[in-house]
Structure formats: C-alpha cells, structure tokens
1. Given a Förster distance of 51 angstrom, what is the FRET efficiency for THR99 paired with THR204, based on the Cβ-Cβ distance and rounded to 0.05?
2. Roll a 1.4 angstrom probe over the protein heavy atoms and tell me the percent of accessible area of the stretch 258-306 that is carbon or sulfur.
3. If each of GLN171 and THR185 carries a label point 7 Å out from its Cα toward its Cβ, how far apart are those two points in nm?
4. Assuming a ≥ b ≥ c are the square roots of the Cα gyration tensor eigenvalues, decide whether the stretch 14-150 counts as rounded (a/c under 1.5), prolate (otherwise, with a/b larger than b/c) or oblate.
5. Taking the simple approach of a point 7 Å from Cα along Cα-to-Cβ for both ALA144 and THR15, what is their distance in nm?
6. Along the three principal axes, how long is the stretch 258-306 when you take its alpha carbons, biggest first, rounded to the nearest angstrom?
7. Nearest 20 debye, what's the magnitude of the dipole of the stretch 258-306 about its Cα centre given +1 on Lys and Arg Cβ and -1 on Asp and Glu Cβ?
8. Using 0.36 nm per residue of separation minus the Cα-Cα distance, give me the extension gain between THR270 and LYS290 in nm, one decimal.
Amino acid sequence: MSVSQNGWPVNPPRTLRTVPGTTVRITVADGPAGDVLIHVLEQIDKRVEDIDLNSTRGELDDWGHADRPIRGSTETSNHASATAVDVNSTRHPLGATGTFTPAQVAEIRRILAEVDNVVRWGGDWSRPDPMHFEIDAAYPRVAAVAARLAGGGNTPTPAPTGRPTLQRGSQGPDVALVQRYLAVTPADGIYGAVTEAAVRRYQTGQRLAPDGIVGPATWARISTGLGTTGPVRPGGGTPPAPPSSGSRPTIRRGSTGDHVKTLQRWLGLTVDGRFGAATEAKVRRYQAMKGLTADGIVGPRTWAAMGL
Ligand SMILES: [Zn+2]
C-alpha cells in the first residue's frame, strides 16, 4: 500500500463534502481524517476568514484530494491521501508570509489546539504554504479527536485548551470575551481590578479556586456557558445580568461603532466598525446556519446565538 508523507494511504475512499455554512465543496478522506479537516475548515470560516472568498478570476480556490507529489519534491503530497486541504489559495500562495494578520494566526493556532494539533498548518513551514492544512497524526489520535467532536455537537465554542490563561494585566479579545460573559463594563479587553474581582466572584459561585485567574478549569466553565444559546448565569453573590439580555443594540447595514467591531471580530472579518455588505453577507450565512431568520440584522436573537 502506498502512503503519502504523513503515513495515510494514497487514494483512499473519499467524498466531496460541503463545508458547513459555506458553498465550498472539497474532497477529503472518508472517516475521521476528513471529519477533522472539515471541522477545521468550518472553524476557519467562522473565526479566521471567509473561505467562500473567490480568487481574482472569480472562482472558488479551495482544494482537497489531488494525486500528486509535493511541489518541488518527489515525496507524495498529503493531498494524495485526501488528508490535506488548501484554503483561499490565491490569497495565501505557496512561499508567502504575512497573508494572515497576527490575530488570524493566533486564531488558527487556537483552532488547531482544539483538535489536539492532529492537524498542522503549512504557514509554519520553512517554505511557508499558508493555504495548506493537513493531518499530522496516526489514525488512533485522529479518530479520538473526531469522536470527541462528534460527541460534542456542532458548537462553535472552542475547547478550553485552546484559550490562553488570562490574569491581571492580560489584554485582547479573549479578555473582552470574558468581560462580556461576566457582564463587566466596559468590555475593553483590559484585565484590571474590576475584571479580576468579577472572575473571583464567578469562580466562588462555580466552586473553583477563587484565584482571579482564568485558566483551563475556569475557561471550561465559561465555555460551557458560551456554548448554549442563553449564557449560563454566573453564580456567586449578586449575579450580574446575562450579557445578551438587551445590553446590545440591534445593528444592521449602515450601523457603525464598537458593537459592529465586536461583531466583526467574532465573525473573523476585517474590523473597521462599519456594517457594510461583507458584514451583512456573513451575518446572513451565520443566521441561516443557526436556523435564525437570515435577514442580516443583528438583534437580540442573533446576539444571543453568538453568546455576545
Ligand atoms: Zn496544499
């Protein structure tokens, strides 16, 4: 049996599959390798970049199975075993660096950590291939991840392992996510005394060690809440109101400001704070995927579905 570079059999049983929430169809190996790759693509589309983006010639530029050697090598490409995929290849060509922003790269790493890094990213190679993602583990580990994904349902919530530990002094979108969840205002993404106190109260209510640090155990509880349509009401003394209870305005095409930025960040779009056609299209697709009215208007139900 001939195998490709990662040890998976060449030309296996395979299927043309649609990445959920997109129009992209891609041929991947049947079984756990394909399941994990499709999951990764779905997460990339939701959290990093719209994979429906077309090439400059107006065609989709995402590929899976192809029976060929690695470019510039005689070794058999993992595309031949249908365990590799290329995403938005015209935007992220072979050899290019910096085609994803640092924030996008961080999110890619989170997504891969969530699948226990059984998928690796070509952007990390000495000859970068930023369009390329491939299975990088043997069958048992990949099957274990696929089983966990199948059992965990189709939640967009990242596993706790993919989130960085946050504490006093931390900054960024993860901090803002925790602040929104705990109804800390302003949700400015800066982990100060007020955020720390809110985390301690939450931890006390959840019977976690109240150290004021958001590590794996605290992330796990918070992720459980974020994964439901109505956030779990944080426990503790006087629980703050759930963040989605009308604390966000309804926004639509033409809206501007911080709420639009929050939305764009969550959708993995360019964050310019202006609700234009691209934002509207992405919102409609998200709504359709979630079974909401796909009107492109972000009201209470859509905010709640996003856990924002
Ligand atoms: Zn490739």
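The values are calculated or read from the model by the stated rules, or taken from the named source; none is laboratory data. Since we're looking at a predicted model, the values are computed, not measured. Cβ: placed from backbone, ideal geometry, glycine included. Neighbour counts: every protein chain shown. Quick note on the areas: whole protein, heavy atoms, side chains included, nothing else; ligands and nucleic acids left out. Shrake-Rupley method; radii C 1.70, N 1.55, O 1.52, S 1.80 Å.
1. Working from the Cβ atoms, E equals 0.70.
2. 50 percent
3. For the pair GLN171/THR185, the computed spacing is 2.4 nm.
4. It is rounded, given that a/c, with a ≥ b ≥ c, falls under 1.5.
5. Reported label-point gap for ALA144 and THR15 is 2.5 nm.
6. The principal-axis extents, from largest down, are 27, 19, 15 Å.
7. Dipole magnitude for the stretch 258-306 comes out near 140 debye.
8. Going from the current span to full extension adds 5.0 nm.
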